[in-house]
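Trainee: This structure is in structure tokens; I'll ask about it shortly.
The values are calculated or read from the model by the stated rules, or taken from the named source; none is laboratory data. Just so it is clear, the structure is predicted and the values come from calculations on it, not from any experiment. Virtual Cβ from ideal backbone geometry, glycine too; neighbours counted across all protein chains shown. Just the protein is used for accessible areas: all its heavy atoms, side chains included, with ligands, DNA and RNA removed. Shrake-Rupley method; radii C 1.70, N 1.55, O 1.52, S 1.80 Å.
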Amino acid sequence: MITSLTIYFKMNLRYNLLLLILCSVFFSCNSKKKEIVIIPDYQKNHLQRNRIFGNVKEMTTTVYLKEIIDSMEILTKLSSLTQHYSADGFLLKIVSCNPLDRIVSIKTIDYLSNAKEKSWIETDSLGNLLSRCDYEYDMNGYIVSEKHYDHDSVSFYIDFETDGVGNVISMNRHFTDFSLYNKIYYNDKGLVVKSEEYDPDHKLFKYADMEYDNYGDEVNRRVFQAPKKLIEYTYTQYDDQGNLIKVTYEDRLHHLKEERFYSNHDKDKNWMEEEQHKINGQILVRKRAFIYY
């Protein structure tokens with residue numbers, strides 16, 4: 001015989017079960033998946049443009065020639081480069097050294113109050129001028145031109161055209177005897193998807209197409225000689241954590257091919273070592289060391 005108490009408990013159990021299901025559906029519908037944020041090119045600082053992560057203060061890159069002699073791995077130091085960054089990710093200084101760690105050149109970048117580059121100057125270890133560059137902007141803070149100097153003489157200058165948010169959509173590089181013109185195209189996320197290069201006669205010479213993954217990282221770059229002859233390609237691979245692991249590059253015009261392998265990523269996903277294998281058998285190794293704020 002079913003008592004009223006038994007009926008009560010069964011009804012209460014069904015009610016609680018239904019409530020649990022409804023709550024589960026509600027929270028699953030309202031829980032937000034982690035959003036992928038893609039930063040448009042015009043908003044990126046120097047670290048972001050070069051896919052360097054974290055609050056980097058200094059990055060030192062040392063280049064070695066790797067040789068295998070009598071089954072032994074020999075690394076011969078070729079050069080080193082130390083880059084200094086501001087707390088908000090902008091490049092402040094580059095110090096280049098020879099294999100003996102003696103300074104070859106120092107490049108110092110100066111900024112305006114709105115964080116736009118004002119100029120940079122490169123000197124040798126004694127402070128003698130090697131090269132410099134001055135930048136000019138319009139009333140919106142968008143780049144208009146940059147002028148490059150070799151010592152005290154103008155080597156070339158560039159005129160820029162920008163869109164409504166500051167993306168460079170065309171650039172005209174003026175050298176002593178000729179000019180080269182480029183057009184740049186962006187996708188709806190503000191990433192460059194195509195660039196075109198025109199010869200001094202204003203004929204399309206070559207163009208490049210870029211493809212990205214869902215995180216806004218470049219995975220494919222193909223360069224064509226007009227109209228549709230593939231002359232270069234770069235294929236970039238990442239692991240499932242987003243770490244850069246391999247880049248394959250080929251220049252078909254000059255019969256160059258290389259593979260670059262990346263390893264020893266730190267906690268911020270910055271690679272610490274790169275091995276560059278060239279088609280002639282030469283192996284170059286780049287090792288990076290970071291100091292963070």
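Trainee: Spin-label point model (7 Å from Cα, Cβ direction): what's the LEU100 to THR76 distance in nm?
Mentor: The two pseudo-label positions are separated by 1.7 nm.
Trainee: With a 1.4 Å probe and every protein chain left in place, tell me how much accessible area SER125 has, in Å² to the nearest 10.
Mentor: Surface open to solvent at SER125 totals about 70 Å².
Trainee: Taking only Cα atoms, what is the 0 to 90° angle, nearest 10, from helix 4-30's long axis to the longest principal axis of the chain?
Mentor: Roughly 10 degrees, rounded to the nearest 10.
Trainee: Out of the total accessible area of the stretch 70-195 (probe 1.4 Å, heavy atoms of protein only), what percent is carbon and sulfur?
Mentor: 52
Trainee: Have a look at GLU146, GLU73, GLU274 and tell me which one the Gaussian network model of the chain (Cα, springs below 10 Å) gives the largest fluctuation.
Mentor: Sorting by GNM fluctuation, first place goes to GLU73.
Trainee: With +1 on each Lys and Arg Cβ and -1 on each Asp and Glu Cβ, and nothing else charged, work out how big the dipole of the chain is about its Cα centre, in Debye to the nearest 20.
Mentor: 1300
Trainee: Given the protein chains as shown and a 1.4 Å probe, how many square angstrom of LYS93 are accessible, to the nearest 10?
Mentor: Here the residue's solvent-accessible area equals roughly 80 Å².
Trainee: Placing +1 at every Lys and Arg Cβ and -1 at every Asp and Glu Cβ, with all other atoms neutral, what dipole size does the stretch 206-253 have around its Cα centre, in debye to the nearest 20?
Mentor: Computed about the Cα centre, the dipole is about 420 debye.
Trainee: Also: Please work out how much accessible surface PHE160 shows to a 1.4 Å probe, ignoring ligands, DNA and RNA, in Å² rounded to 10.
Mentor: Counting only protein heavy atoms, PHE160 exposes about 40 Å² to solvent.
Trainee: Suppose every K and R has +1 on its Cβ and every D and E has -1 on its Cβ; what is the size of the dipole of the stretch 215-284 about the Cα centre, in Debye to the nearest 20?
Mentor: Approximately 480 debye in magnitude.
Trainee: Oh, and also: Give the accessible surface of the chain per residue, rounded to a whole number of Å², with probe radius 1.4 Å and ligands, DNA and RNA excluded.
Mentor: 65
Trainee: Can you list the lysines whose alpha carbon sits under 26 Å from that of LYS267, skipping same-chain ones fewer than 8 residues off?
Mentor: LYS32, LYS33, LYS34, LYS44, LYS57, LYS93, LYS246, LYS287
Trainee: While we're on this one: Please check: in the Gaussian network model of the chain (C-alpha springs, under 10 Å), which one of ILE74, ILE52, ILE94 has the largest mean-square fluctuation.
Mentor: Its mean-square fluctuation being the largest, the pick is ILE74.
Trainee: Between ASP88 and HIS148, what length comes free when the chain is fully extended (0.36 nm per residue of separation minus the Cα-Cα distance, one decimal in nm)?
Mentor: Roughly 19.0 nm would be gained on extension.
Trainee: Percent relative contact order of the stretch 150-293, based on C-alpha pairs within less than 8 angstrom and at least six residues apart?
Mentor: 9
Trainee: What are the trypsin sites (Lys or Arg not before Pro) within the stretch 101-167 that DSSP puts in a loop, where the Cβ has at most 13 other Cβ atoms within 10 Å?
Mentor: ARG102
Trainee: By how many nm would the segment from ILE69 to LYS57 lengthen if fully extended, with 0.36 nm per residue of separation less the alpha-carbon distance?
Mentor: Difference between extended and current length: 0.6 nm.
Trainee: As a test of the formula, what do you get for the chain when each DSSP H run with n ≥ 4 contributes -39,500 (n - 2.57) and the sum is divided by the residue count, at 222 nm and rounded to the nearest 500 deg cm²/dmol?
Mentor: Mean residue ellipticity, 222 nm, calculated: -3500 deg cm²/dmol.
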